[in-house]
Amino acid sequence: MIKKIINLSIIMFFFNSCVCIKMELTKEERNWCAYEKNEYLIFKSNLKNIDTLEVTDRNENYTNLNCNNVEVSFYQLNYIKLNLVLKSKKKSLLNCEISIMRDSDNENNHPHISIFGLKSDYPENGYKAIKQNLKLNTTNKIYKETYLFKDNISATNIEDGYLDEFYYDQKNGLLKYVAKNGESFELIKRIKQ
């Protein structure tokens, strides 16, 4: 009888050690990463300059893929990470990264957005996102779920970055960005390949 209990305990230990809980991103959280690979975003500035951003990579997966709950965690956290690259002959090294990861506390997660080195990083650094309506002059569209990320107010620049602020809509992505020299770029269209 004791031998059966020990064997059963060993079997239960192995079954329990192989089980991980997948923590999925919600639809609302997934909306922060609304772009697909090979999608293009075309922006026009108040000085009539054109910027084109290409979504070069979209990676969606889980942490702890091998379900190592002894050394890592009982959770497999769903995440999405996007990379966007500016296609320009005049500007260099201006990339964007947008990511979000589900946490194990089942709370609403915040994205990490870096546009040309201006990083949102809220609420980790104590900043609060500034939510507001935005009307684009280029298209006359009004967006009601737009967040303003401004240097030293709701975002932080890496090494004296290029941007002063950017506007990001939870469902529609990057809508506008303003350089430190005052040049303002607004989205005119998205092209899906």
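The values are calculated or read from the model by the stated rules, or taken from the named source; none is laboratory data. From a predicted model like this one, the values you see are computed outputs, not experimental measurements. Positions of Cβ are backbone-derived with ideal geometry, glycine not excepted, and every protein chain shown enters the neighbour counts. Remember, those area values only see protein heavy atoms, side chains included, never the ligands or the DNA or RNA. Shrake-Rupley method; radii C 1.70, N 1.55, O 1.52, S 1.80 Å.
Quick notes on this one:
- The calculated FRET efficiency for the pair N181 and A34, based on their C-beta separation and a Förster distance of 22 Å, comes to about 0.15.
- The simple spin-label model puts a point 7 Å past each Cα toward its Cβ; for K192 and N152 those points are separated by 4.1 nm.
- Stretching the chain fully between K48 and K171 yields a gain of 41.6 nm (0.36 nm per residue, less the alpha carbon separation).
- Full extension of the chain segment joining E24 with V85 gains 19.2 nm, where the gain is 0.36 nm per residue of separation less the Cα-Cα distance.
- Loop-located trypsin sites (Lys or Arg not before Pro) across segment 144-173 with a Cβ neighbour count of 14 or fewer within 10 Å are K171, with loop assigned by DSSP.
- Cross-link pairs exceeding 27 Å between alpha carbons, from the set K150/K189; K22/K135; K90/K131; K22/K176; K44/K171: K22/K135; K90/K131; K22/K176.
- Extension reserve of the E60-N137 stretch, reckoned as 0.36 nm per residue once the Cα distance is removed: 24.3 nm
- Accessible heavy-atom area order of K81, K192, highest first, probe of 1.4 Å: K192, K81
- With all protein chains modelled, accessible area of M101 [1.4 Å, Å²]: 90 Å²
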